[in-house]
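Shown next, in structure tokens, is the structure this report addresses.
The values are calculated or read from the model by the stated rules, or taken from the named source; none is laboratory data. These numbers come from a predicted model, not from an experiment. Ideal geometry is used to build each Cβ from the backbone, glycine not excepted, and the neighbour counts take in all protein chains shown. Accessible surface is based on the protein model in full, side chains and every heavy atom, while ligands, DNA and RNA are left aside. Shrake-Rupley method; radii C 1.70, N 1.55, O 1.52, S 1.80 Å.
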Amino acid sequence: MIYTSTRDAHKALSASEAILKGISDDGGLFVPSSFPTLSAEDIDELISMSYPERAAKIISLYLDDFDYEELLEYCEKAYERFDGDPCPVVKVEDGLYMLELWHGPTCAFKDMALTLLPYLLTAAKRNLGIEDKTLILTATSGDTGKAALEGFKDVDGTEVIVFYPSKGVSETQRLQMVTQEGDNVHVAAIKGNFDDAQTAVKDAFNDDELKAELAALGYGMSSANSINLGRLVPQIAYYISAYCDLADSGEIEVGDKVNFAVPTGNFGNVLAGYYAYKMGLPVGKFIIASNANNVLTDFFNTGEYDINRDFFKTASPSMDILISSNLERLIYEATGRDDALVRELYGKLKTEGKFELAPETVRADVFEAGWADEEETKDAINTFFDLDDYVMDTHTAVAASVYNDYSCDTEDDTPTVILSTASPFKFAPDVFYALGGHEKDPYKAIAKLQSVTALECPDSLSELFTADEIHNTVIDRSSVKEAVLRFAEGKLK
Ligand SMILES: *Cc1c(COP(=O)(O)O)cnc(C)c1O
């Protein structure tokens, strides 16, 4: 399989090269030159497999320069870190299911890919005969950072640096990052929001001077953000696996269509679903759910992508994003792989903060988009707890709310899977508030949420509140490059 860039279709890289580079020199993202196909027979075959087996099979179709047996071993090791089934499908009502992606070490869906990425990256280096150390640069809206730190901690030949927006993450998310142990982990707060952090990190990737200075120190750079192909590909697997589980339990027949409702920020999760669909997975609709930062809702409904708007801090901080990176990969596909057009649109985004496409170009029948405000998100948590005895976090609730609107408006009764992206305990104060309580302190909110719901909080979260805060660096967004260098030189812990 050849990987090319969304901004230059002449580029041709192997999967190993694409994973190691993270982002293309031209600023574009790596995309497969074609999609592997998935037949009904393939699905039948996957149904009898365990999750690590399913994942290894699906991933091997994309990472074809990796050894299959090795991939299987990596998947087994990565998903061993999860508590039980890595991604169970839970029935909440007839025809409505939750795909719970948060049983990993950091209690959010980022673990599905970030427990595996270090193995993929290490193997990619081996495949290419590269002996440089790798500096993993990551911008986080809250959950990626911790998952990257957990995934890469003490992995030989890597240093991981995480930048998070100083005021943009929840207290629990902040604690998860600043208490992180490990010899190769670095964390800094950036004064600004997630978009500032993400843009600064992307600029660092395209900074030739920085690259040269890091090379002199023996480092290459890569990314743990969802722009990295090694994040995207493992996420394709759980869409297909959910479908297999529904077929296995008799909820659907192989060949039936399923809808997926996805809480969306950087468009990485839903894009992985779209790739599964391009492979042949029978999908009716992807319901793209945003919070008040509803730039994607507007884009899918009008064709205009415009980030010149107010930025809102919401109870679903991992979706507080205006520059949705992975949308670029969808636009590449939707425009018939027109790299010149993608280049033009993203040039406009940089200079004017907006671009426009014909709405029918992007919708392609398979996308519906909507958004939920804070009140609606809260209502969804409350209603699902009342009616279905199901407790969900604030991000999942955005999708549940948008799904409710969609199903009322359309009466579409296609079986629907909501992607449940975080443990409710990770956002305990807001979830508890939605259920009618008041407790701003996350530690106390966890205890109260446990008693109201009779659920158990994962230890990895409850233990945070007694751990030492190790990382206290705060920088201006203009100092990212300097901070990267100082981390690499070992002058900044
Ligand atoms: C990252 C994240 C999202 C958004 O996923 P994208 O791939 O950025 O669209 C949603 N919910 C949670 C809990 C997250 O951590």
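At 1.4 Å probe size, with the rest of the protein present, what percent of the exposed accessible area of the chain is carbon and sulfur atoms? Walk me through the numbers before you get to the answer.
Numbers: 8160 of 18070 Å².
Carbon-and-sulfur percentage of accessible area, whole number: 45.
Can you tell me, using C-alpha contacts under 8 Å and at least 6 residues apart, the relative contact order of the chain as a whole percent?
Values: 996 pairs, mean separation 93.2, N = 493.
After rounding, I find 19 percent.
Considering amide H positions built from the backbone, and no H for Pro or chain starts, which residues 5 or more places from Asp8, or on another chain, come under 5 Å of its amide H?
Residues meeting the amide H criterion: none.
Cβ neighbours within 10 Å, averaged per peptide: list 289-295, 36-42 in order, most packed at the top.
On the way: 289-295: 25.6, 36-42: 14.3.
Taking the mean over residues of other Cβ atoms within 10 Å, the ranking is 289-295, 36-42.
At 1.4 Å probe size, what's the solvent-accessible area of Met319? Round to the nearest 10 Å².
Number for this one is 10 Å².
Let me check something: with ligands and nucleic acids excluded, how do Asp413, Asp393, Asp26 order by accessible area (1.4 Å probe), largest to smallest? List each step's numbers first, then the result.
Working: Asp413 135, Asp393 0, Asp26 50 Å².
Largest accessible area first, the list is Asp413, Asp26, Asp393.
So what is the accessible area of region 2-59 per residue, in Å², with the probe set to 1.4 Å?
Values: 2070 Å² over 58 residues.
Per residue, region 2-59 has an accessible area of 36 Å².
Could you give the distance between the Cα centres of region 148-200 and region 1-72, to the whole Å?
27
Going down the table (Lys167/Lys285; Lys440/Lys493; Lys153/Lys426; Lys11/Lys57; Lys21/Lys278), which pairs top 29 Å between alpha carbons? Intermediate results must be reported in sequence, preceding the final value.
Values: Lys167/Lys285 35 Å; Lys440/Lys493 31 Å; Lys153/Lys426 21 Å; Lys11/Lys57 26 Å; Lys21/Lys278 25 Å.
Result: Lys167/Lys285; Lys440/Lys493 exceed 29 Å.
Give me the base-10 log of I(q)/I(0) for the chain at each q in 0.10, 0.12 Å⁻¹, Debye formula, one uniform scatterer per Cα, rounded to two decimals.
-0.70, -1.06
Would you grab the residues whose amide H sits under 5 Å from the one on Thr158? Only those 5+ places off in sequence or on another chain, please, with H modelled 1.01 Å from N.
Counting only residues 5 or more places away or on other chains, the set is Thr134.
Where does each of 178-186, 257-265, 239-247 land if you order them by average Cβ count within 10 Å, highest first?
Peptide ranking by packing, descending: 257-265, 239-247, 178-186.
Protein chains only, probe 1.4 Å: how do Phe152, Phe35 rank by accessible area, largest first?
Numbers: Phe152 0, Phe35 35 Å².
Sorted by accessible area, descending: Phe35, Phe152.
Quick one: order Lys211, Lys146 from most to least accessible surface, probe 1.4 Å.
On the way: Lys211 70, Lys146 20 Å².
The most accessible residue leads, giving Lys211, Lys146.
Per residue, how much accessible area does region 420-478 have with a 1.4 Å probe, in Å²? Before the final figure, lay out each step's value.
Working: 3210 Å² over 59 residues.
Each residue of region 420-478 exposes 54 Å² on average to a 1.4 Å probe.
Find, among the GluC sites (Glu not before Pro) in region 315-394, those assigned to loop by DSSP (not H, G, I, E, B) with at most 15 other beta-carbon atoms within 10 angstrom. Please list the in-between numbers first.
Details: sites: Glu328, Glu333, Glu344, Glu352, Glu356, Glu360, Glu368, Glu374, Glu375, Glu376; in loops: none.
Passing both the DSSP loop test and the Cβ count: no residue.
Summarise the long-distance tail of P(r) for region 18-161 by giving the % of C-alpha pairs beyond 21 Å. The partial results should precede the final answer.
Working: 5339 of 10296 pairs.
Considering region 18-161, 52 percent of its Cα-Cα pairs are separated by more than 21 Å.
Solvent-accessible area of Arg126, probe 1.4 Å, all protein chains present, reported in Å² to the nearest ten, please.
Answer for Arg126: close to 130 Å² accessible.
Ignoring everything except DSSP H segments at least 4 long, calculate the 222 nm mean residue ellipticity for the chain; use -39,500 (n - 2.57) per segment, divide by total residues, nearest 500. Working shown, then result.
Working: 22 runs with 227 residues, N = 493.
Computed ellipticity for the chain at 222 nm equals -13500 deg cm²/dmol.
For Tyr74, tell me the accessible area in Å² from a 1.4 Å probe, rounded to the nearest 10.
The accessible area of Tyr74 comes to roughly 20 Å².
Per residue, how many Å² of accessible area does region 349-400 show with a 1.4 Å probe? List each step's numbers first, then the result.
Values: 2380 Å² over 52 residues.
I get 46 Å² per residue for this part.
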